[in-house]
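Presented below is the structure to which this report refers.
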Amino acid sequence: MYTLTEENYLKAIYKLSIQTGKVSTNQIAASLATKASSVTDMLRKLADKLLINYTRYQGVSLTQTGEKVAVNIIRRHRLWEFFLVEKLNFKWDEVHDMAEEMEHISSTELIDRLDEFMGFPTRDPHGDPIPDCNGNFKIIDLKPISAIAVHSGGIISGVRDHSSAFLQYLEKHQLTIGKKIMVKEIISYDNTVVLQMDNKDLHISRDVANNLLIAL
């Protein structure tokens, strides 16, 4: 059994490591909105429990055990998000904070039954992959709209920004998971991206294009 704080650290290290490999103390502090000195203390505790590899000033990585724990936390979080949206009719911008609390329910039997009850979903409401009971998940190659050439397109399949404000923006403009889009034009003055969706044109900013992911 691990504390809520320990689980949050492991999850943060896992997510940061996907982007950068070894993770620095400052990266963890920024991710968790805490002081670097507090991070250092916790890293020592996690290293003592053989959950991370940690040498001061040389970065942090998860051990095999630490990665298993982190992936299990992520599995619980994403299953709860799926449940809240699909079964309780919450909107996709409402469920993150609730799932943050529910992910710490440690009953394996409960999570396995929840998974089975929902038909073993493979992606959460935001398009993120849901690990199975063995920690395996299928990674789909997604690209931000900003990296797509004019006259190319694909299916909206994920988001980088999970904030309520961003998800509400996408919902308002019907830029939701499963929608087919094509980049019609990029306006050179301010890099506004003109999308074609449902036979209509939609203008989005470069920031939105950077944070909205599609499968080609």
Item to check | Selection within the stretch 112-145 - open to solvent by 70 Å² or more (accessible area, probe 1.4 Å), closer than 22 Å to GLN64 by Cα and of a type in the set (D, E, K, R) | outcome: LYS138
Checklist outcome for this item: With the first residue restricted to the stretch 29-43 and required to be more than 18 Å from THR55 (Cα to Cα), and the second required to be hydrophobic (A, V, I, L, M, F, W, C), Cβ contacts under 6 Å at 6 or more apart or on different chains are SER31/ALA12; LEU32/ALA12
Checklist entry - So which residues in the stretch 57-97 are of a type in the set (A, V, I, L, M) and closer than 30 Å to ASP41 by Cα? => result VAL60, LEU62, VAL69, ALA70, VAL71, ILE73, ILE74
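Quick one: is LEU84 surrounded by fewer than 20 Cβ atoms within 10 Å (Cβ to Cβ), out of contact with any Lys or Arg (no Cβ under 7 Å at 6 or more places or on another chain) and either assigned to a helix (DSSP H, G or I) or among the hydrophobic types (A, V, I, L, M, F, W, C) (or both)? First the steps, then the outcome.
On the way: surrounded by fewer than 20 Cβ atoms within 10 Å (Cβ to Cβ): no; out of contact with any Lys or Arg (no Cβ under 7 Å at 6 or more places or on another chain): yes; either assigned to a helix (DSSP H, G or I) or among the hydrophobic types (A, V, I, L, M, F, W, C) (or both): yes.
Here the answer is no, as LEU84 does not meet what is asked.
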Checklist entry - Is at least one residue of the stretch 46-54 in contact (Cβ under 8 Å) with a residue 12 or more places away in the chain and of a type in the set (Ser, Thr, Tyr)? => result no
Checklist outcome for this item: Residues of the stretch 146-171 being more than 17 Å from the chain's Cα centre (by Cα), among the aliphatic types (A, V, I, L, M) and surrounded by 14 or more Cβ atoms within 10 Å (Cβ to Cβ), in sequence order, are ILE148, ILE155
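Has the stretch 117-137 got at least one residue that is hydroxyl-bearing (Ser, Thr, Tyr), closer than 21 Å to LYS15 by Cβ and free of Cβ contacts under 8 Å to residues at least 24 places away in the same chain?
As a first pass, look at the stretch 117-137 and keep what is hydroxyl-bearing (Ser, Thr, Tyr): 122.
Subset that is closer than 21 Å to LYS15 by Cβ: 122.
Now restrict to residues that are free of Cβ contacts under 8 Å to residues at least 24 places away in the same chain: 122.
Looking for residues that are hydroxyl-bearing (Ser, Thr, Tyr), closer than 21 Å to LYS15 by Cβ and free of Cβ contacts under 8 Å to residues at least 24 places away in the same chain, one finds at least one in the stretch 117-137, hence yes.
Would you mention how many residues in the stretch 172-181 are among the charged types (D, E, K, R), within 29 Å of MET98 (Cα to Cα) and either open to solvent by less than 70 Å² (accessible area, probe 1.4 Å) or in contact (Cβ under 8 Å) with a residue 12 or more places away in the chain (or both)?
As a first pass, look at the stretch 172-181 and keep what is among the charged types (D, E, K, R): 172, 179-180.
Remaining after also requiring within 29 Å of MET98 (Cα to Cα): 172, 179.
Of the ones still in play, those that are also either open to solvent by less than 70 Å² (accessible area, probe 1.4 Å) or in contact (Cβ under 8 Å) with a residue 12 or more places away in the chain (or both) are 179.
So the count comes out to 1.
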Checklist outcome for this item: Residue pairs within 9 Å by beta carbon, gap of at least six or interchain, first lying in the stretch 71-85 and over 16 Å from LEU10 (Cα atoms) and free of Cβ contacts under 8 Å to residues at least 60 places away in the same chain, second open to solvent by 30 Å² or more (accessible area, probe 1.4 Å) and β-branched (Val, Ile, Thr), listed first then second, are TRP80/ILE105
Checklist entry - Among the residues of the stretch 95-109, is any closer than 27 Å to LEU202 by Cβ, at pLDDT 95 or above and touching a Lys or Arg at 6+ places or on another chain (Cβ under 9 Å)? => result no
Item to check | Odd one out for GLY21, checked against (1) small (Gly, Ala, Ser); (2) under 19 Å from the mean Cα position of the chain (by Cα); (3) on the phi < 0 side of the Ramachandran plot | outcome: (3)
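Of all residues in the stretch 194-207 being closer than 21 Å to SER163 by Cα and without any contact (Cβ under 8 Å) to a residue 60 or more places away in the chain, which is surrounded by the most Cβ atoms within 10 Å (Cβ to Cβ)?
Going through the stretch 194-207, the residues closer than 21 Å to SER163 by Cα turn out to be 203-207.
Then keep just the ones that are without any contact (Cβ under 8 Å) to a residue 60 or more places away in the chain; that gives 203-205, 207.
Numbers: HIS203: 13, ILE204: 20, SER205: 14, ASP207: 12.
Here the answer is ILE204.
When residues of the stretch 90-106 are filtered for being open to solvent by less than 50 Å² (accessible area, probe 1.4 Å) and assigned to a loop (DSSP other than H, G, I, E, B), how many remain? Give the steps one after another, and end with the answer.
Step one: of the stretch 90-106, the residues open to solvent by less than 50 Å² (accessible area, probe 1.4 Å) are 92-93, 95, 99, 102-104.
Within this subset, residues satisfying the condition of being assigned to a loop (DSSP other than H, G, I, E, B) are 92-93, 95, 103-104.
Result for the stretch 90-106: 5.
The values are calculated or read from the model by the stated rules, or taken from the named source; none is laboratory data. Predicted, not measured: the structure shown is a model, and the values here were computed from it. Don't worry about glycine lacking a Cβ; one is built from the backbone with ideal geometry, like all the others, and counts go over all protein chains shown. The area values use the complete protein model at the heavy-atom level, side chains included, leaving out ligands, DNA and RNA. Shrake-Rupley method; radii C 1.70, N 1.55, O 1.52, S 1.80 Å.
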